[in-house]
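See structure below.
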């Protein structure tokens, strides 16, 4: 069973110059945890995830060392979120993300996802063109369905 057989082809993506406020809105409204970033030719150039946006709110090691873990004003840290919303995707995205080939076996793709602690991964052609997203749920559902319908043959 190939990735292309089970991936979601309806992918919401953003451009590098998209404002973070737009991405945050997508994430909050549609429960996306990450969004692929593509250039004008629809080639995958990055991924922007919730962790990328929230990371800059976390206290720095320096502030933890000087102020101590319990002295850092977390509400003040949260108040800096407005600064993040003004940034663009290219300032915070993970560049050159890992992706999988649409002709890869789904279990091989799932192995890559689990190894890297991903729940979703972009699916891109060899030239980098984004064509879909694959989730662990997609893989699980496809394997379940194949086993329940007898589509997998015992070797």
Exercise. Would you tally the residues in segment 59-111 being at pLDDT below 95, over 27 Å from residue 24 (Cβ atoms) and part of a loop (DSSP other than H, G, I, E, B)?
Key: 4
Quiz item: Going through segment 76-105 one residue at a time, which ones are farther than 23 Å from residue 16 by Cβ and within 18 Å of the chain's Cα centre (by Cα)?
Solution: 101, 102
Quiz item: Looking only at segment 8-24, which residues are outside any loop (DSSP other than H, G, I, E, B) and more than 19 Å from residue 124 (Cβ to Cβ)?
Solution: 19, 20, 21, 22, 23, 24
Quiz prompt | Top-ranked residue of segment 112-151 - restricted to ones that are in contact (Cβ under 8 Å) with a residue 60 or more places away in the chain and part of a loop (DSSP other than H, G, I, E, B), ranked as farthest from the chain's Cα centre (by Cα) | solution = 127
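Yes or no, residue by residue, for (1) under 30 Å from residue 126 (Cα atoms); (2) surrounded by 14 or more Cβ atoms within 10 Å (Cβ to Cβ):
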residue	(1), (2)
6	yes, yes
33	yes, no
44	yes, yes
48	yes, yes
52	yes, yes
59	no, yes
63	no, yes
76	no, no
Exercise. For residue 27, indicate whether it is within 20 Å of residue 136 (Cα to Cα) and assigned to a helix (DSSP H, G or I).
Key: yes
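The values are calculated or read from the model by the stated rules, or taken from the named source; none is laboratory data. Quantities reported herein were computed from a predicted structural model and do not represent experimental measurements. Cβ coordinates were reconstructed from backbone atoms using ideal geometry, including for glycine residues, and neighbour counts include every protein chain displayed.
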